[in-house]
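The values are calculated or read from the model by the stated rules, or taken from the named source; none is laboratory data. Computed from a predicted structure; not experimentally measured. Don't worry about glycine lacking a Cβ; one is built from the backbone with ideal geometry, like all the others, and counts go over all protein chains shown. In case anyone asks, the SASA skips ligands and DNA or RNA and just uses the protein heavy atoms, side chains included. Shrake-Rupley method; radii C 1.70, N 1.55, O 1.52, S 1.80 Å.
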Amino acid sequence: MKRNRHLWATLLIVISLILGFYAGKYHRTFNPQFKILRSEQNKITEALDVISKNYVDTVDINHLSESAVIKIVSELDPHSSYIPASDVESANEELEASFSGIGIQFNMPFDTIFVVSVISGGPAEKAGLMPFDRIITVNDSVVAGRNISMTKVMRTLRGPKNSTVRLGIQRGNAKELTQFELIRGDIPNISVDVSYKVNDDIGYIKIAKFSRSTYKECLTAIAKLKQEGAKGFIIDLRDNPGGYMEAAINVINEFLPKGRLIVYMQGRAYPRIDSYSNGKGTCQDAPLVILINELSGSASEIFSGAIQDNDRGIIIGRRSYGKGLVQTKLDLRDRSELLLTIARYYTPSGRCIQKEYELGKAEEYSYDLSNRYMHGEYYSADSIKLIDSLEFKTIGGRAVYGGGGIMPDIFIPRDTTGITSYYSNVINTGALYQFTLAYSDKNHDLLNSFESYNDLYEYLKQQPLIYEFADYAASKGIKKRPTLINISKDLIETYLYAFIVRNFFDYDGFYPILLKNDLTLKKAVEVINEGKWNPAFFGAYPDNDKKDLYSIEIPEKTIDRFMQNLD
């Protein structure tokens, strides 16, 4: 167990640093009511002007200006950030409804661009590209075996709409490259990874981020699930770093009755702005459970806080990231951008869930997640200190707390079942994922012949995949450890099945397999099945705020009174 925790701690440090970067990139909002205040002259511009005219040597004043802005912004809060003009397009397109490209999902497991899937209706499909094609040349320049970064590959394949790109493709064992000419077009930027029924009555929706198209995607998912008979919903916001606040507000509105406060914002230079539900939501009475974890941030926390404070549903998982700062985008004169924190957002009960930070100490801030891990928070809710002075009340009278993230109503510890040093090794080195690509490529015709992901899944379960994988990993320098492999067998096989199925059925097959034994999802299904999905039922029990939800019986009169209050 100690060895496992050490491995997780190392991984969390890396995740914390990565999330610190994406926090400024994804956790943003835009509100046309905000007016940025500018001043025409300041000491910085005056100093740069003096240096430009009088310094002993010639200097690059643009470089000095860039460095000065980066340094200034670094002295602010951890979520304000500066984006150079060269990076603005790629930074913004992550949250737009679409971007211009060729329409493929790819990976580079063997230092070659490997087409994992082709987006339906996109330029790549129209041109005839297929999954498992290898891109060897782009515009007559060799890209295979050149150790090119994923970021550079994306910039090469993406480009202005209607522009042309030439690809040299190796298909199967063909010795000669097949040339394709593609005209770039609009590619949808999908933010809802999957929606499916986990049983006859419950629909599951996985929202990866809140982009401009998220609301429309969620409406489509909800409509589909309702048509299939779903009466309750599980919204999975785990690992969702946030995005556009408006998108989150629009989705929340689908689940709240009219006149409920969703969120409000307030800053030193900006008056309070409230957002309320309009009563036009399509799921106002549906059973609802929200899943969160330590990587759920910003707009995900707005979503969770609004549902929790309005006693509209149960929050299950682990304490969320803790970002309660609002950024707006400021375009600078050279087309660079400043993502500037201008306000704090508050949940309906009045909580600001921003965790503590010090100005100019973004690096220390980025280690918060690993510090939580070291303190045991991912394994025990008792390790989380709730500050009495930051106690607030939900609409039904339950105690909730500010000071750093959304605390779930039901805590689910991190599942360490099957995690060994061998498992961590094959995951961290990429060996497991590489094997699934190689296996899918080798057996493409057979695996592609299955009509449904379930049929493929049942076939894979009959194959000796774990032994083939162990041999493959050994060929990559990962020593076979029979005892550890046996301990991790179920976990490794689940990932093998899920990744192989994804190569042929995308996320529609990936998540149902990956989440079959997910403890958090199982608890959510249990809560809805048992009718314990609405915490407002406990408004009549103010002394039971911290009791287990399953230990309290709810009188029928309490339920009737609550339902009357919703009208």
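Tell me whether region 444-455 contains one or more residues that are part of a helix (DSSP H, G or I) and at pLDDT below 95. Scanning region 444-455, I find at least one residue that is part of a helix (DSSP H, G or I) and at pLDDT below 95, so the answer is yes. Here the strands (runs of 3 or more DSSP E) wholly within region 209-310 that include at least 2 residues being surrounded by fewer than 24 Cβ atoms within 10 Å (Cβ to Cβ) and out of contact with any Cys (no Cβ under 8 Å at 6 or more places or on another chain) are 261-267, 270-276. Taking E75, is it at pLDDT below 80 and closer than 30 Å to L359 by Cβ? Taking the combined requirement at face value, the residue does not satisfy it.
Exactly one residue out of D186, D111 is part of a strand (DSSP E or B) and among the charged types (D, E, K, R): that is D186. The residues listed here are V251, V194, V263; of these, the one that is modelled with pLDDT of 90 or more, closer than 21 Å to R502 by Cα, in contact with a Phe, Trp or Tyr (Cβ under 7 Å, 6 or more places away or on another chain) and of a type in the set (A, V, I, L, M) is V194. Name the residue, out of G259, G242, G229, G185, that is on the phi > 0 side of the Ramachandran plot and either among the hydroxyl-bearing types (S, T, Y) or touching a residue at least 40 places away in the same chain (Cβ under 8 Å) (or both). So the residue among G259, G242, G229, G185 that is on the phi > 0 side of the Ramachandran plot and either among the hydroxyl-bearing types (S, T, Y) or touching a residue at least 40 places away in the same chain (Cβ under 8 Å) (or both) is G242. When region 518-537 is filtered for residues that are touching a strand residue (DSSP E or B) at 6+ places or on another chain (Cβ under 7 Å) and either charged (D, E, K, R) or open to solvent by 70 Å² or more (accessible area, probe 1.4 Å) (or both), only K523 remains. Among residues of region 483-501 that are over 17 Å from Q434 (Cβ atoms), those with a beta-carbon under 8 Å from a residue that is small (G, A, S) and in a helix (DSSP H, G or I) at least six positions away or on a different chain give the pairs L484/S421; I485/A470.
Residues that are assigned to a loop (DSSP other than H, G, I, E, B) and either surrounded by 18 or more Cβ atoms within 10 Å (Cβ to Cβ) or among the polar types (S, T, N, Q) (or both) within region 380-394 comprise S380, T394, listed in sequence order. When S488 is tested against (1) of a type outside the set (A, V, I, L, M); (2) closer than 23 Å to I205 by Cα; (3) at pLDDT 95 or above, just one condition goes unmet, and that condition is (2). No other residue among V56, V116 is out of contact with any Gly (no Cβ under 8 Å at 6 or more places or on another chain), part of a strand (DSSP E or B) and β-branched (V, I, T) apart from V116. In region 429-449, of all residues being surrounded by 18 or more Cβ atoms within 10 Å (Cβ to Cβ) and free of Cβ contacts under 8 Å to residues at least 60 places away in the same chain, the one that is nearest to N503 (Cα to Cα) corresponds to L447.
Here's a check for you: in region 85-108, which residue that is open to solvent by less than 30 Å² (accessible area, probe 1.4 Å) and part of a strand (DSSP E or B) is modelled with the lowest pLDDT? This residue is S100. Filtered by the rule that a residue be exposed (fewer than 12 other Cβ atoms within 10 Å of the Cβ), small (G, A, S) and under 31 Å from the mean Cα position of the chain (by Cα), region 149-174 gives a lone residue, S149. For region 407-423, residues that are under 23 Å from the mean Cα position of the chain (by Cα) and either open to solvent by 30 Å² or more (accessible area, probe 1.4 Å) or of a type in the set (F, W, Y) (or both) total 7. Considering region 469-517, the residues that are assigned to a helix (DSSP H, G or I) and of a type in the set (D, E, K, R) include one that is surrounded by the fewest Cβ atoms within 10 Å (Cβ to Cβ), namely D471. Among the residues of region 127-149, just one is among the basic types (K, R) and modelled with pLDDT of 85 or more, namely R134.
Among the residues of region 319-340, just one is more than 26 Å from A85 (Cβ to Cβ) and in contact with a helix residue (DSSP H, G or I) (Cβ under 6 Å, 6 or more places away or on another chain), namely S320. Residue pairs whose Cβ atoms lie under 7 Å apart, separated by 6 or more positions or on different chains, with the first residue in region 326-337 and closer than 24 Å to A248 by Cβ and touching a residue at least 24 places away in the same chain (Cβ under 8 Å) and the second basic (K, R) and assigned to a strand (DSSP E or B), are V326/R344; Q327/R28; K329/R28; E337/K329. Taken as a whole, the structure leaves E363 outside the set of residues that are in a loop (DSSP other than H, G, I, E, B), over 19 Å from Y264 (Cβ atoms) and charged (D, E, K, R).
Name, by its number, the condition in (1) part of a loop (DSSP other than H, G, I, E, B); (2) modelled with pLDDT under 90 that does not hold for R155. (1) is the only condition that R155 fails.
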